[in-house]
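Some notes on the structure that comes next.
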């Protein structure tokens, strides 16, 4: 009798093991079929210091715009060419910054950041502050023109050369870059609230997709992964959202030969914009943004030139203003 009981126990354990192993096996098999390739767990720096010099808000309502993506969102517009192609007055304005538009930025996993502080948008908020600038400059120019002295805050979190499929997300779920970005945004939205600001996120500006244009199984899934990404953003930041929701402003990638799947990536972006009036898409190709124009001695095929980086910011700014007029009107 005792021997029979032992055999039954062993059989039960074996059946449980087979069931569990089979379940896990099926899970990993499904994952490998649905999400080919291996997600990359990035070593992200998530030490986001609290601002020490943030003035008291006293209940002031502020518009918050998130700027995210990879290197063209970071900005590789060379200051040399911006200076050559603008007037002295224009360049001086960009250099001195915009008092009504603050930015808190973390670029390329802390390669350059504002150390937790909210500062005026100027030419030093990209990866190499003495050499290049980002689209936030053009955004700030449009915001200051449209909204005057109203306070606008850009939270900029970008990581050059990164994939939405492999690094921001992982198998369609929140990945290591997303989680770091979430902590960053949450840290500084809380800091604004603690300082007495009524800060609401009204829009996300997204310039990304180049690193997802190399592999067919990736760019053919770009719609799905970006749809997941936007859903996570709206869910995770719902407590900070404007009453009309969070608008998603999506810039298409260029037709550079560096990006073989640009048509599929841009097609996915365009499809998303048609499915919700909170989603917006603009074609950087149709807008005439130029790549491969500078530096003269070795043209950069992957990044927009200085004037196109400025124009990218202008386009983001114009679409954000349109989105606010349509969804967040007073």
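Structure notes:
Conditions tested, residue by residue: (1) in contact with a helix residue (DSSP H, G or I) (Cβ under 9 Å, 6 or more places away or on another chain); (2) surrounded by fewer than 19 Cβ atoms within 10 Å (Cβ to Cβ); (3) in a loop (DSSP other than H, G, I, E, B); (4) without any contact (Cβ under 8 Å) to a residue 24 or more places away in the chain.
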position	(1), (2), (3), (4)
225	yes, no, no, no
253	yes, no, yes, no
259	yes, no, yes, no
285	yes, yes, yes, no
301	no, yes, yes, no
316	yes, no, no, no
323	no, no, no, no
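- Meets criteria (in a loop (DSSP other than H, G, I, E, B), touching a helix residue (DSSP H, G or I) at 6+ places or on another chain (Cβ under 9 Å) and modelled with pLDDT of 95 or more) for residue 295: no
- If you go through region 158-175 and keep only what is outside any strand (DSSP E or B), at pLDDT 95 or above and surrounded by fewer than 19 Cβ atoms within 10 Å (Cβ to Cβ), you end up with just 161.
- Residue list for region 99-111, restricted to those being farther than 17 Å from residue 54 by Cβ and crowded, with 16+ Cβ neighbours inside 10 Å: 107, 108, 109
- Qualifying residue in region 202-209 (condition: over 12 Å from the mean Cα position of the chain (by Cα) and under 20 Å from residue 103 (Cβ atoms)): yes
- Hits in region 87-110 - residues which are assigned to a loop (DSSP other than H, G, I, E, B) and free of Cβ contacts under 8 Å to residues at least 12 places away in the same chain: 87
- Filter result for residue 125 (in a loop (DSSP other than H, G, I, E, B), crowded, with 23+ Cβ neighbours inside 10 Å and in contact with a strand residue (DSSP E or B) (Cβ under 6 Å, 6 or more places away or on another chain)): yes
- Of all residues in region 141-152, none are in a loop (DSSP other than H, G, I, E, B), under 18 Å from the mean Cα position of the chain (by Cα) and either in contact (Cβ under 8 Å) with a residue 40 or more places away in the chain or closer than 30 Å to residue 215 by Cβ (or both).
- Residue within region 63-77 that is surrounded by fewer than 20 Cβ atoms within 10 Å (Cβ to Cβ) and at pLDDT 95 or above present: no
- Beta carbons closer than 7 Å, at least 6 apart along the sequence or on distinct chains, pair a first residue in region 185-198 that is on the phi > 0 side of the Ramachandran plot and surrounded by fewer than 21 Cβ atoms within 10 Å (Cβ to Cβ) with a second that is at pLDDT 95 or above and not in a strand (DSSP E or B) for 196/56; 196/57; 196/58; 196/59.
- Residue within region 70-84 that is over 23 Å from residue 184 (Cβ atoms), without any contact (Cβ under 8 Å) to a residue 60 or more places away in the chain and assigned to a strand (DSSP E or B) present: no
- Top-ranked residue of region 263-283 - restricted to ones that are surrounded by 21 or more Cβ atoms within 10 Å (Cβ to Cβ) and out of contact with any helix residue (DSSP H, G or I) (no Cβ under 6 Å at 6 or more places or on another chain), ranked as nearest to residue 213 (Cα to Cα): 266
The values are calculated or read from the model by the stated rules, or taken from the named source; none is laboratory data. This one's a predicted model, so the numbers in the text were calculated from it and none came from an experiment. Positions of Cβ are generated from backbone atoms using ideal geometry, with glycine treated the same way; all protein chains shown enter the neighbour counts.
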